[in-house]
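First comes the structure, then the notes that go with it.
The values are calculated or read from the model by the stated rules, or taken from the named source; none is laboratory data. Fair warning: this is a prediction, and the values are worked out from it, not measured in the lab. FYI the Cβ positions are ideal-geometry reconstructions off the backbone, even for glycines, and counts take in every protein chain you see. What goes into the accessible areas is simple: the full protein's heavy atoms, side chains included, and nothing from ligands, DNA or RNA. Shrake-Rupley method; radii C 1.70, N 1.55, O 1.52, S 1.80 Å.
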Amino acid sequence: MKQTIIFLLLMIAGVTSVKADNITVNGTSRSYNVIVPSNLGEGRPLLIFCHGYNQDANWMQNSEFKNDQVSMEAVCDTAKFVCVFPNGIDKAWDTGGDRDINFIKAIIEKMVTQHNIDRNRVYLGGFSMGGMLTYNAINKMSDQIAAFVSCSGPAVVTPKAGLRPIPLLHIQGTADNWSGVQPALNPWINHNGCSTTDRVISNYNGFSGAKLHIWGPGNDGVEVRLIELKDKGHWICKEKEVYTGKEIWNFCKNYSLNKTTPNVKISSPTTGGRYISFGPQGAVTFPDITITAQADDPNGTVEKVEFFDGTTLIATCTAKPYKTTLTPTKTGKHTLKAVATDNDGETSTASVEVTLAAPSSFTISSDIKEANAIPAGWTTYDSSEKRTGYSSGYSSGCRVLQFTGSTKGFNYGLYIRNINGRARQGYAKYGNSDAGTMLSLAPGHYTLKYKVCNWNMADFGEVEVRIEKRTGGTVIASQTYTPDINIGNVASNKFNSPALQTLEFDVTEQGNYVIAFYCAAAEWSDCIIGQLSLAANSFVATGLGHAATTDAAKTSDVWYSLDGRRIETITKPGLYISNGKIVLKK
């Protein structure tokens with residue numbers, strides 16, 4: 001009997017503690033469940049995981065984090081970390097404000113006091129609405145949370161300026177708002193400097209219903225990960241191969257706020273940058289790419305920073321500034337890497353992905369495909385706010401709109417507006433230096449095709465389209481068009497496809513150019529850009545050494561001076577450009 005009692009006491013002593021507790025936050029009593037492993041020890045991690053809407057901590061812990069093979073208690077007990085399941089007020093969360101952010105902060109302080117938690121290894125996640133709360137917390141608690149996890153709770157949040165690289169894991173079923181996942185991840189993929197092309201592991205962990213997508217490593221070696229669950233709905237995956245509790249821990253455990261490896265970041269070029277160069281076949285040139293990195297070491301010094309184009313070493317810098325130049329010749333995607341090595345021999349890698357393209361034609365509007373974002377390569381201005389792509393999370397102002405009417409001219413369109421009504425104070429420009437895309441044109445004859453309509457102008461408002469030099473803004477071609485379709489200020493309205501407009505123009509000197517759309521000079525004028533493509537019809541040599549033809553051979557009524565200025569009326573004889581050729585006007 002005595003031996004039995006001792007055995008039972010030992011069994012009890014070894015059981016992980018699970019209990020409910022309370023804490024007062026801003027005058028309100030808040031409750032939570034906490035799992036504390038046996039023999040926890042000191043300086044151990046903390047995971048806080050928030051339930052979904054109309055759920056509570058008990059449901060989250062008992063229904064969704066248990067199955068026949070494993071439980072969250074078992075994961076905590078094996079890895080020795082504390083797990084807290086908080087309760088939202090009225091079974092919901094404040095996903096935009098600070099009420100529940102303060103609750104999470106209070107939980108952290110209490111866990112540090114009660115269990116001597118390591119502040120550098122605190123992790124936050126949530127399911128559904130709890131996942132949306134997690135996204136909200138990234139900008140507000142990045143100094144206290146080492147890694148973030150969202151399950152079935154996508155939310156588009158724009159990273160704040162100066163924010164550190166953010167480790168992020170998202171888990172979602174393809175039958176559960178799957179279209180919202182990529183827009184939620186894109187801001188963090190770009191913010192972290194991760195490659196915009198993911199590495200995909202199918203049949204993840206031997207489970208045919210799962211794929212793992214990995215973006216990165218980006219700055220400081222941080223990754224964004226997505227576990228895609230085929231045909232899964234709005235619930236947490238509890239398959240034995242992909243058990244959510246284990247997946248969360250296996251991701252989060254890699255990150256700490258007090259890492260000892262070097263910090264490294266590529267500050268230029270930006271990830272996703274594109275260099276689009278039109279020119280004769282075999283003679284296309286690309287500009288030099290300056291690669292600049294920032295590096296420091298939290299517990300020592302940086303000994304060197306090595307720069308790579310893929311696996312090819314470009315340069316090694318042993319002192320600041322960490323900077324080099326790449327003269328690219330090969331088209332396609334280039335992964336530019338900076339590898340920092342500290343005095344302890346530890347390394348960290350930052351990478352960005354840039355694309356070099358030499359097309360004969362290019363569909364520029366292919367990136368207009370995500371609602372509430374500014375697409376890559378574009379800059380918008382409405383006379384009040386300037387936005388550059390890629391950026392997202394906009395609910396008003398210039399942005400991409402998604403159209404859902406049963407009859408519609410296009411699925412997505414870039415909406416721009418002019419608030420104050422002054423000339424050229426509302427615009428969208430493709431190829432500006434701040435948007436990460438460079439459009440280089442060789443001398444030749446080009447065709448720009450586009451479709452535009454108005455958004456909320458029943459009386460219609462004209463749209464001016466211009467080809468401008470990137471530096472100085474010199475206009476080499478322009479066209480004004482008044483749409484005859486107005487969508488009517490509601491994305492679900494029906495509307496027909498606008499007529500395809502064509503602007504032909506000549507480029508007389510190699511250089512970088514911008515395609516610009518300007519709203520009318522009227523208050524609250526607007527337009528929607530739906531389709532846009534650029535094609536090169538022919539290329540010509542530059543300079544006076546090129547054989548000139550006579551004006552009898554001209555094929556266009558559009559004339560330019562040799563320095564690229566459009567001429568409405570030729571008043572004296574001389575050499576001019578017409579249809580990509582130098583013409584002698586007598």
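Numbers for the structure displayed
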quantity: Verdict on Thr447 being closer than 25 Å to Gly273 by Cα, open to solvent by 10 Å² or more (accessible area, probe 1.4 Å), among the β-branched types (Val, Ile, Thr) and in contact (Cβ under 8 Å) with a residue 12 or more places away in the chain; calculated: yes
quantity: Which numbered condition Asp94 misses (of (1) open to solvent by 20 Å² or more (accessible area, probe 1.4 Å); (2) assigned to a helix (DSSP H, G or I)); calculated: (2)
quantity: Pick from region 372-384, criterion open to solvent by 10 Å² or more (accessible area, probe 1.4 Å) and within 30 Å of Phe278 (Cα to Cα), ranking: modelled with the lowest pLDDT; calculated: Ala376
quantity: Residue that is surrounded by the fewest Cβ atoms within 10 Å (Cβ to Cβ), among those in region 164-192 that are of a type in the set (A, V, I, L, M) and either more than 14 Å from the chain's Cα centre (by Cα) or in a helix (DSSP H, G or I) (or both); calculated: Ala175
quantity: Enumeration of residues in region 29-42 that are modelled with pLDDT of 95 or more and either in a loop (DSSP other than H, G, I, E, B) or surrounded by fewer than 19 Cβ atoms within 10 Å (Cβ to Cβ) (or both); calculated: Ser29, Ser31
quantity: Per-region count, region 315-339, residues in contact (Cβ under 8 Å) with a residue 12 or more places away in the chain, open to solvent by less than 50 Å² (accessible area, probe 1.4 Å) and over 27 Å from the mean Cα position of the chain (by Cα); calculated: 1
quantity: Residue list for region 513-533, filter: at pLDDT below 95 and open to solvent by 30 Å² or more (accessible area, probe 1.4 Å); calculated: Gln531
quantity: Residue satisfying condition, being β-branched (Val, Ile, Thr), closer than 14 Å to Ile145 by Cβ and not in a helix (DSSP H, G or I), within set Val112, Val84; calculated: Val84
quantity: Identity of the residue in region 145-163, out of contact with any Leu (no Cβ under 7 Å at 6 or more places or on another chain), at pLDDT 90 or above and of a type in the set (A, V, I, L, M, F, W, C), that ends up surrounded by the most Cβ atoms within 10 Å (Cβ to Cβ); calculated: Cys151
quantity: Only one of Thr324, Thr335, Thr349 that is modelled with pLDDT of 90 or more, polar (S, T, N, Q) and in a strand (DSSP E or B); calculated: Thr324
quantity: Tabulated pairs, region 221-234, first farther than 16 Å from Asn203 by Cβ, second outside any loop (DSSP other than H, G, I, E, B) and open to solvent by 30 Å² or more (accessible area, probe 1.4 Å), C-beta under 7 angstrom, 6+ apart or interchain; calculated: Gly221/Thr349
quantity: Flag if Gly564 is crowded, with 18+ Cβ neighbours inside 10 Å, at pLDDT below 95 and in a loop (DSSP other than H, G, I, E, B); calculated: yes
quantity: Test result for Leu124, surrounded by fewer than 24 Cβ atoms within 10 Å (Cβ to Cβ) and part of a strand (DSSP E or B); calculated: no
quantity: Region 193-205: number of residues that are of a type outside the set (Asp, Glu), open to solvent by 30 Å² or more (accessible area, probe 1.4 Å) and in a loop (DSSP other than H, G, I, E, B); calculated: 3
quantity: Count of residues meeting criterion [open to solvent by less than 60 Å² (accessible area, probe 1.4 Å) and assigned to a loop (DSSP other than H, G, I, E, B)] in region 471-512; calculated: 13
quantity: Qualifying position, being at pLDDT 75 or above and either open to solvent by less than 80 Å² (accessible area, probe 1.4 Å) or not in a loop (DSSP other than H, G, I, E, B) (or both), among Ala536, Ala552, Ala541; calculated: Ala536
quantity: Filter result for Ser208 (of a type outside the set (D, E, K, R) and open to solvent by less than 70 Å² (accessible area, probe 1.4 Å)); calculated: no
quantity: Filter pass, Ser396 being modelled with pLDDT under 95 and in a helix (DSSP H, G or I); calculated: no
quantity: Those residues of region 146-166 which are within 17 Å of Asn219 (Cβ to Cβ), touching a strand residue (DSSP E or B) at 6+ places or on another chain (Cβ under 8 Å) and not aromatic (Phe, Trp, Tyr), in sequence order; calculated: Ala146, Ala147, Pro165, Ile166
quantity: Hey, Thr388 touching a strand residue (DSSP E or B) at 6+ places or on another chain (Cβ under 8 Å) and touching a residue at least 40 places away in the same chain (Cβ under 8 Å) or not; calculated: yes
quantity: Options Gly413, Gly436, Gly421: the member that is closer than 16 Å to Val514 by Cα and either surrounded by fewer than 22 Cβ atoms within 10 Å (Cβ to Cβ) or touching a residue at least 60 places away in the same chain (Cβ under 8 Å) (or both); calculated: Gly436
quantity: Which numbered condition Phe103 misses (of (1) surrounded by 16 or more Cβ atoms within 10 Å (Cβ to Cβ); (2) in a helix (DSSP H, G or I); (3) out of contact with any Lys or Arg (no Cβ under 7 Å at 6 or more places or on another chain)); calculated: (3)
quantity: Tabulated pairs, region 99-113, first within 14 Å of Val82 (Cβ to Cβ), second β-branched (Val, Ile, Thr) and surrounded by fewer than 17 Cβ atoms within 10 Å (Cβ to Cβ), C-beta under 6 angstrom, 6+ apart or interchain; calculated: Lys110/Ile23
quantity: Unmet requirement for Phe308, which otherwise passes all of (1) within 29 Å of Gln144 (Cα to Cα); (2) in contact with a Lys or Arg (Cβ under 6 Å, 6 or more places away or on another chain); calculated: (1)
quantity: The listed residue being more than 21 Å from the chain's Cα centre (by Cα), at pLDDT 85 or above and either hydrophobic (A, V, I, L, M, F, W, C) or under 19 Å from Met72 (Cβ atoms) (or both), out of Val222, Val242, Val264; calculated: Val242
quantity: From Glu464, Glu468, residue being outside any loop (DSSP other than H, G, I, E, B), among the charged types (D, E, K, R) and open to solvent by less than 20 Å² (accessible area, probe 1.4 Å); calculated: Glu468
quantity: Residue match in region 361-371 (condition: more than 30 Å from Asp288 (Cβ to Cβ) and either of a type in the set (A, V, I, L, M, F, W, C) or modelled with pLDDT of 95 or more (or both)); calculated: yes
quantity: Some residue of region 59-69 being touching a Ser or Thr at 6+ places or on another chain (Cβ under 9 Å) and either among the acidic types (Asp, Glu) or in a strand (DSSP E or B) (or both); calculated: yes
